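Taking it in order: structure first as structure tokens, then the write-up.
The values are calculated or read from the model by the stated rules, or taken from the named source; none is laboratory data. Here the structure is a predicted model, which is why all the values come from computation and not from measurement. Cβ coordinates were reconstructed from backbone atoms using ideal geometry, including for glycine residues, and neighbour counts include every protein chain displayed.
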């Protein structure tokens with residue numbers, strides 16, 4: 001019998017879709033060894049925390065989550081991994097109740113190390129002493145650890161790439177996750193085929209810098225997309241994020257005529273000012289970015305385009321922000337994801353003299369969000385009265401369920417229309433108008 005049989009676990013993940021995919025994979029593997037998820041109010045034997053360190057706020061949320069989990073589960077074996085654990089293992093080591101700290105290279109051994117802990121506990125009858133992975137925070141970040149899971153969601157998240165070679169001046173990800181690396185096309189296709197065997201219909205491709213795919217295997221992202229498109233049973237793919245300079249015309253042309261790649265792109269901009277992009281050491285300018293978006297809409301007029309933006313970067317003057325905001329408002333973007341610049345130790349941005357006050361960062365963030373909300377509403381409104389295919393997902397609220405259209409419009413379906421339909425099925429729905437909260441469109445089944 002597995003030493004983990006009957007153990008209860010809780011999982012906390014902060015950050016990107018890549019973190020979510022990795023946590024879901026750990027949970028899936030633990031469940032295969034007999035671990036069950038702790039119910040609300042039930043003490044856990046294992047606490048697994050996958051941290052993010054993209055901002056100071058993320059660091060704070062990670063510390064808060066660990067304190068809360070330790071307080072609520074005083075006898076649990078607490079494992080902390082992720083970017084914060086990689087960059088600041090000494091912070092984790094000082095936190096009461098943390099038993100195991102895993103850097104990026106050791107994350108793939110989490111299940112093995114948790115199993116070893118409970119095997120020792122079972123054989124000796126004594127609590128083993130707290131341990132810390134010796135290379136957490138070290139430089140061993142060259143191994144690609146595969147991950148493909150859905151957790152408690154309908155969509156699967158397939159990790160195709162990890163790490164980054166770009167070293168933008170504001171970012172610590174290359175230090176936390178290491179250099180760019182990826183799985184082979186053959187291994188990733190095999191994972192997608194396994195998802196299809198399990199009944200999965202949609203896969204989101206995740207990574208740190210997906211457009212850089214192939215650096216360690218001599219392959220290309222375009223070849224990966226073509227191979228995945230041929231996997232029977234998978235009806236939808238989405239690319240979680242891709243740098244504009246790596247989003248080639250060949251990739252766009254393939255997605256436009258492919259069987260399963262959806263008209264949905266997430267393209268980081270970070271700033272609509274060329275001067276700020278230069279300070280960030282980004283590898284494109286606004287003209288290139290605008291051309292990429294125009295090409296998407298030429299090939300896929302219905303495409304949803306989400307864009308990441310950072311406000312308040314060192315060096316971003318009032319004039320440069322106004323220039324950036326004007327550029328953003330003119331782009332055919334459906335939604336902006338806004339982040340306030342956060343100073344990260346060891347980054348080159350700290351050498352830039354001009355600093356933006358916190359109150360001004362908040363003001364600028366609000367202005368971009370206002371632009372985003374107007375763009376999202378206009379995009380959604382355009383499709384009222386049309387029929388789109390919707391992948392039904394697990395409902396979060398009683399009596400309300402829904403999912404996303406092919407072009408990533410959130411749709412709600414009432415319980416009466418839902419009768420006879422199950423999660424994970426794709427159905428055509430007529431989009432009839434807005435829900436009461438203005439957060440989704442309502443859908444009705446065709447007669």
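Just the residues that are more than 22 Å from the chain's Cα centre (by Cα) and either assigned to a helix (DSSP H, G or I) or crowded, with 19+ Cβ neighbours inside 10 Å (or both), please, taken from segment 217-239.
223, 226, 227, 231
Looking at (1) buried (at least 18 other Cβ atoms within 10 Å of the Cβ); (2) within 19 Å of residue 307 (Cα to Cα), can you tell me which one residue 391 breaks?
Here residue 391 meets the rest and fails (2).
Just to verify a result, which residue in segment 93-113, among those that are touching a helix residue (DSSP H, G or I) at 6+ places or on another chain (Cβ under 7 Å) and touching a residue at least 40 places away in the same chain (Cβ under 8 Å), is farthest from residue 72 (Cα to Cα)?
Applying the filter and picking the extreme gives 104.
Here is a list: 310, 242. Which entry is in contact with a strand residue (DSSP E or B) (Cβ under 6 Å, 6 or more places away or on another chain), buried (at least 23 other Cβ atoms within 10 Å of the Cβ) and either modelled with pLDDT of 95 or more or not in a helix (DSSP H, G or I) (or both)?
Matching residue, one of 310, 242: 310.
Kindly check whether there is at least one residue in segment 44-51 that is outside the structural domain of residue 160 (by TED's automatic domain parsing) and closer than 16 Å to residue 177 by Cβ.
yes
Examine segment 166-182 for a residue that is surrounded by 21 or more Cβ atoms within 10 Å (Cβ to Cβ), in a helix (DSSP H, G or I), under 18 Å from the mean Cα position of the chain (by Cα) and modelled with pLDDT of 95 or more, and state whether such a residue exists.
Within segment 166-182, not a single residue is surrounded by 21 or more Cβ atoms within 10 Å (Cβ to Cβ), in a helix (DSSP H, G or I), under 18 Å from the mean Cα position of the chain (by Cα) and modelled with pLDDT of 95 or more.
Of 437, 416, which residue is over 19 Å from residue 308 (Cβ atoms), at pLDDT below 95 and in a helix (DSSP H, G or I)?
None of the others qualify; the one that does is 416.
Within segment 338-353, which residues are surrounded by fewer than 12 Cβ atoms within 10 Å (Cβ to Cβ) and assigned to a loop (DSSP other than H, G, I, E, B)?
Matches in segment 338-353: 345, 346, 353.
Scan (1) surrounded by fewer than 16 Cβ atoms within 10 Å (Cβ to Cβ); (2) more than 26 Å from residue 447 (Cα to Cα) for the single condition residue 381 breaks and write down its number.
Single failed check for residue 381: (2).
Out of all the residues in segment 28-43, is one or more closer than 30 Å to residue 338 by Cβ, modelled with pLDDT of 95 or more and crowded, with 20+ Cβ neighbours inside 10 Å?
No, the conditions are met nowhere in segment 28-43.
Scan segment 183-216 residue by residue and report those that are closer than 12 Å to residue 165 by Cα and not in a loop (DSSP other than H, G, I, E, B).
Across segment 183-216, the qualifying residues are 210, 211, 212.
Does residue 263 count as touching a residue at least 60 places away in the same chain (Cβ under 8 Å) and more than 25 Å from residue 172 (Cβ to Cβ)?
yes
Within segment 57-81, track down each residue that is under 18 Å from the mean Cα position of the chain (by Cα) and farther than 16 Å from residue 114 by Cα.
57, 58, 59, 61, 62
Going through 202, 243 one at a time, which residue ends up being farther than 26 Å from residue 393 by Cα, under 19 Å from the mean Cα position of the chain (by Cα) and touching a residue at least 40 places away in the same chain (Cβ under 8 Å)?
The conditions single out 243.
Is it fair to say residue 259 is outside any helix (DSSP H, G or I), crowded, with 17+ Cβ neighbours inside 10 Å and modelled with pLDDT of 95 or more?
Spelling it out, it is not the case that residue 259 is outside any helix (DSSP H, G or I), crowded, with 17+ Cβ neighbours inside 10 Å and modelled with pLDDT of 95 or more.
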